[in-house]
Amino acid sequence: MDALIFIFIFCSVAFGFFLGRRTNSFQPPQSNWSSAHNRYIEGLKYLLDEQPDHAIDALVSELDISQQTLEMYFSLGALWRKKGEMERAIRVHHALLESPTLTALQRQQAQLELALDYTHSGVLDRGEVLLKELAGSAHPTIQQSAGRELVLLFQEEREWEKAIVAVDELCRKADIPDLPFWRHVQAHYCCELAEHVLGSPDWNEPDVLSTGILDPANNAQPWIAQAEHQAPAHARVLFMKTLLALGRKDLAGARHILRTIKLEGQHSMLLVPLMLSVSGQYPGDVWDDLLSFYRDSRNIAVLPFLSDLVYRQYGEAKAFDFLVLELRENQNYRAIASLLVAMDTSSVQYSKLRPALIELMPFQFSCHQCGFQGRQFYWCCPSCKAWR
Ligand SMILES: [Zn+2]
């Protein structure tokens, strides 16, 4: 597909080039014209030899930039960046910036493209300098694009405090169409800082409390308050508030917050370890909460946690019976129930069975943007970096 796009661009650039030659009142010296014509012929030869990259290289070895060919050069630079050909992308955008034919806006567009080349190449400091300059542009489109890219650059560097400031600056700009999105992302940045203070709790651990340092005198509270201010119903903020309440040994408060969290989407499974954390004080209530959560959400992945509770309270035989009963209710898992019934459960320990059961459960993370799936939960998709 890329090859076809390159062929299209080659033909477009060549067409624009010749059109420019025909329509320009100023005619270049004949020797230059011959040289350009030779480069075109050379590019055509590469194209016929199915080497579209070399064909484009030949054509743009001495860029002939005019208003007719400009858009094609922008497209070509962006395509090369997408392909990871950063050196070529930077060369095109540098050449565009050196051209005297560009308007002020076109020059800023070329600078923005060059900044993206740098950030995608890992030359983040150069990209940052350019983006900061463009974020102050008088042109709203350039200003907003640079502001967004600056936020993403700080996110990539995990410079959360700088990213929070950059979002504030972006949101101060007029007519930001996706303001709620950026406030949602900003709340995540605040939560990243809060989690860092708390000792980076592992949300995928059943005993999430054991993974974080829940010191009630910690400095996480201001970050959580800021996150709540930016995005009041943010699921991660509510989870963080639950953790803080548990750190203060305020189990009633933690349980109250848990009940305000909507049981929806992929966040819902994160409730389970927190529900279990309050079970010391409210064992009966936790069973009721977990069971009603399981019934309401129809989330089969909750089942092993329920069978854990049965196992702890009533032992192996009752845990097996409970699993068989519940698995039979789900047509996708009836065969597993039959398998359990056929097994000599007296010879199988529940602790050995549980990991196998977890493997049979559906993926707990599925990115709606890029389709990435995983058994662990992520607040930020590891593949496309979209936030939950
Ligand atoms: Zn993704």
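When you check Ala337 against the structure, is it touching a Lys or Arg at 6+ places or on another chain (Cβ under 7 Å) and aliphatic (A, V, I, L, M), yes or no? Before the answer, list the steps.
On the way: touching a Lys or Arg at 6+ places or on another chain (Cβ under 7 Å): yes; aliphatic (A, V, I, L, M): yes.
Here the answer is yes, as Ala337 does meet what is asked.
Can you tell me which residue within the range 159-199, out of those that are of a type in the set (Asp, Glu) and not in a helix (DSSP H, G or I), is modelled with the lowest pLDDT? Working first, answer last.
Initially, the range 159-199 is screened for residues of a type in the set (Asp, Glu), giving 159, 161, 168-169, 175, 178, 192, 195.
With not in a helix (DSSP H, G or I) added as a condition, the list becomes 159, 175, 178.
Values: Glu159: 96, Asp175: 77, Asp178: 87.
Once the filter is applied, the top-ranked residue is Asp175.
Condition first: within 31 Å of the chain's Cα centre (by Cα), farther than 23 Å from Phe239 by Cα and modelled with pLDDT of 85 or more. Now tell me which residues in the range 333-388 satisfy that.
Matches in the range 333-388: Gln369, Cys370, Gly371, Phe372, Ser383, Cys384.
Against the definition (more than 16 Å from the ligand (Cβ to nearest atom) and within 15 Å of Leu271 (Cβ to Cβ)), how does Leu360 come out, yes or no? It would help to see each step written out before you state the result.
Details: more than 16 Å from the ligand (Cβ to nearest atom): yes; within 15 Å of Leu271 (Cβ to Cβ): no.
Considered against the rule, which asks whether it is more than 16 Å from the ligand (Cβ to nearest atom) and within 15 Å of Leu271 (Cβ to Cβ), Leu360 comes out as no.
Each row is one residue, and each column tells you yes or no for (1) away from the ligand (no atom under 16 Å from the Cβ); (2) farther than 12 Å from Pro304 by Cβ.
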site: Glu316; (1), (2): yes, yes
site: Tyr350; (1), (2): yes, no
site: Pro355; (1), (2): yes, no
site: Phe365; (1), (2): no, yes
site: His368; (1), (2): no, yes
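I'm trying to understand the selection: among the residues of the range 227-242, which are in a helix (DSSP H, G or I), farther than 15 Å from His267 by Cα and in contact (Cβ under 8 Å) with a residue 40 or more places away in the chain?
If the condition is that a residue be in a helix (DSSP H, G or I), farther than 15 Å from His267 by Cα and in contact (Cβ under 8 Å) with a residue 40 or more places away in the chain, then Ala227, Glu228, Gln230 are the ones that fit.
The values are calculated or read from the model by the stated rules, or taken from the named source; none is laboratory data. Everything numeric here is computed off the predicted structure, so don't read it as measured data. Neighbour counts run over all protein chains shown; Cβ positions are idealised from the backbone, glycine included.
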